[in-house]
Amino acid sequence: MMTFCFTGIRSLPKFWKSNPYLSVGPGHSYFSLFLKDYCGIRNQQKWFSLKAVSPQNTKAVNLLIAKARYLRKGDEGSNQVFSDSHLFAAGAAKKRSQMNTNREDHGLPPVRNTIQLPTRPLNSEEWDKFKEDFKGKANFESWIISQMAHCHSSIDVAKSLLAWVAAKNNGIVGYDLLVKYLYLCVFHKHISEVIDVYEIMKARYKRLEPGGYTLLIQGLIHSDRWKEALLLLEDIKKVMIPSKKNYNDCIEGALLHQDVNLAWNLYQELLGHNLIPMLKTLKAFFDFGKNIKDDQYSNKLFDILLYLRNNHLYPGESFAHSIKTWFESGQCSGCGKTIESLHLSPEEYEFLKEKIMRDVIDGGDQYKKTTPQELERFQNFVKCCPPFDIVIDGLNVAKTFPKARESQVLLHVVSQLAKQNLQLLVLGRKHMLTQHSRWRKDEMKKVQKQASCFFADNISADDPFLLYATLHSGNHCKFITKDLMRDHKACLHDAKTQRLFFKWQQGHQLAIINRLPGSKITFQNMLLRLLTRVALHQ
């Protein structure tokens, strides 16, 4: 008869009796462990059998005890706590479907406790006293390690807890405690501790649940034993399709250790399972590609860009910067020259600013519709404002969606940009402030509360204001309009100035894209494209 030590249940007979669906069926020689996926791998729960393939590895557990030497006493801190629980079951295959709807009736009740978590390692007597002060109905050891994991307590404090548990249980530390201690080790990047727990689990269990596998993979990839993470990935495949998080960690490990072919093979395997890769996985390939001058690798990165476009996936700011850096580090496949950066040097910027001010804004005869008095009024307005981050062609942006109310579109764009704490300037015409079916006063007032606004005469052209405000605010400032500024380039007579203007325009002009292939036009789609471009250009 096989014996298995449970450290998570105070009264096993009472627990078994109160949970009829947990009874052991005939012919079952194993226990099944049902754990909440604490580690955030998937927001669901899975069943796995844990078979004891060898007696308790007390030598391995004693490794934790030996490491838990008690450090200097420190002040105790205060942390908010929450409750956690777990269930053990055997022979409950017929009841699995009932668990999702009824598990709240059978789980241990949530506990609210005012006990403060220790901020230093405790000795045996201190842990005994700590347990006496615990008033909750849940198992103390499981409760306290859950709070430590939630609050990211130090490894030394958690280690002293495991040493105390092992000392009073003949060297046995339960699986639940080991997993949550492992979570802390991974979080704090204590790789040597990860390997110690890995050795303990490898000696004690033939199979783990998904959270345990994921944490071990995540921790091992940063060690010189990173290839053992691939063995754990193979173990997962025996019972289920690994998660995209599992593949991401293995891919990052392969790239970290310069095994590029393995990384791409794992990526193709992930796609073969119809899993959508994490954006951080794709970002890792671009980060690695910055230092690689290889056409085959570059072609694969272009395939990733096509994948993003075809699946309507939008990179965040960090990923957008990685793509931008990769492009700027590359070479033209035609001439072999390094691709020129869109950033202007301070000298180039000042030169271009002076030329545009003189040749376009002050001396451009195409601005006959803008009076010198109005331009002077605008220049004084800009001087009184802090430098802008984004200048918006209000009328141009408002007409992005012909069927939508123009003031609503403008308000939506401004509101989203204002959430990023950007200094905004909206340029418009005076008729936009008049109540109309296309322009509502209440919406325009909301625009004025979130951005600086300048409304020119209805017959005035707003392009000179757009260029002036952007250039006056500095090289960091961007502008939003669909106007390609062809007339303004024509006013710049020499080739050098035209080249610098084009380079500056490419690096500073943003445009709202209102057409996404194969998708319904929505404000959300529009703004995703806009905000992605903001991130890419910064």
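Any of LYS244/LYS503; LYS399/LYS503; LYS293/LYS353; LYS353/LYS403; LYS180/LYS280; LYS244/LYS300 with alpha carbons more than 30 Å apart? Name them for me. Working shown, then result.
Values: LYS244/LYS503 39 Å; LYS399/LYS503 27 Å; LYS293/LYS353 36 Å; LYS353/LYS403 38 Å; LYS180/LYS280 25 Å; LYS244/LYS300 19 Å.
In this structure, LYS244/LYS503; LYS293/LYS353; LYS353/LYS403 exceed 30 Å between Cα atoms.
Calculate the spin-label point distance for PHE381 paired with GLN258, positioning each point 7 Å from the Cα along the beta-carbon direction, and give it in nanometres.
Taking the two extended label points, one gets 5.9 nm.
Suppose every Lys and Arg Cβ carries +1 and every Asp and Glu Cβ carries -1, with no other charges. What dipole size does the stretch 124-280 come out with about its Cα centre, to the nearest 20 debye? Show your work: numbers first, answer last.
Working: 19 positive and 20 negative charges, 88 e Å.
Rounded to the nearest 20 debye, it is 420 debye.
In the full protein assembly as shown, how much of THR119 is accessible to a 1.4 Å probe, in Å² to the nearest 10?
Roll a 1.4 Å probe over it and THR119 shows about 60 Å².
Using 7 Å Cα-to-Cβ label points, what is the LEU231/GLN373 separation (nm, one decimal)?
The two pseudo-label positions are separated by 8.5 nm.
What distance in nm separates the simple spin-label points at GLU348 and PHE502, each placed 7 Å from Cα in the Cβ direction?
Between GLU348 and PHE502, the label points sit 1.3 nm apart.
Can you sort SER142, SER124, SER298 by solvent-accessible area, 1.4 Å probe, largest first? Mind dumping the intermediate values first?
Working: SER142 5, SER124 50, SER298 25 Å².
Accessible-area ranking of SER142, SER124, SER298, largest first: SER124, SER298, SER142.
May I ask you to list the aspartates and glutamates whose Cα is less than 16 Å away from that of LYS189, ignoring any residue fewer than eight positions away on the same chain?
The reachable aspartates and glutamates, counting only those whose Cα sits under 16 Å from LYS189, are ASP156, ASP224, ASP249, GLU252.
Using amide H atoms built in the peptide plane, which far-off residues or other-chain residues are under 5 Å from ILE392 H to H?
LEU425, VAL426, LEU427, ILE480
Determine, for each peptide in 172-183, 271-282, the mean count of other beta carbons within 10 angstrom over its residues, then list the peptides with the highest first.
Details: 172-183: 23.1, 271-282: 15.4.
Descending packing order for the listed peptides: 172-183, 271-282.
Using a 1.4 Å probe on the protein heavy atoms, what percent of the accessible area of the stretch 194-271 belongs to carbon and sulfur? Please list the in-between numbers first.
Details: 1450 of 2860 Å².
Whole-percent figure for carbon plus sulfur exposure: 51.
Compute the separation of the alpha-carbon centres of the stretch 171-239 and the stretch 256-314 and state it in Å as a whole number.
Value for the Cα centre distance between the two parts: 26 Å.
Set the Förster radius R0 to 22 Å, insert the Cβ-Cβ distance between ARG438 and LYS482 as r into 1/(1 + (r/R0)^6), and round the FRET efficiency to 0.05.
Efficiency at R0 = 22 Å is approximately 0.75.
Provide the per residue accessible area, probe 1.4 Å, for the stretch 384-427, rounded to a whole number of square angstrom. Working shown, then result.
Details: 1700 Å² over 44 residues.
Heavy-atom SASA per residue in the stretch 384-427 reads 39 Å².
The values are calculated or read from the model by the stated rules, or taken from the named source; none is laboratory data. Since this is a predicted model, take the numbers as computed values, not measurements. For neighbour counting, all protein chains shown are included, and Cβ atoms are generated from backbone atoms with ideal geometry for every residue, glycine included. Heads up: the accessible areas ignore ligands, DNA and RNA and are worked out on the full protein's heavy atoms, side chains in. Shrake-Rupley method; radii C 1.70, N 1.55, O 1.52, S 1.80 Å.
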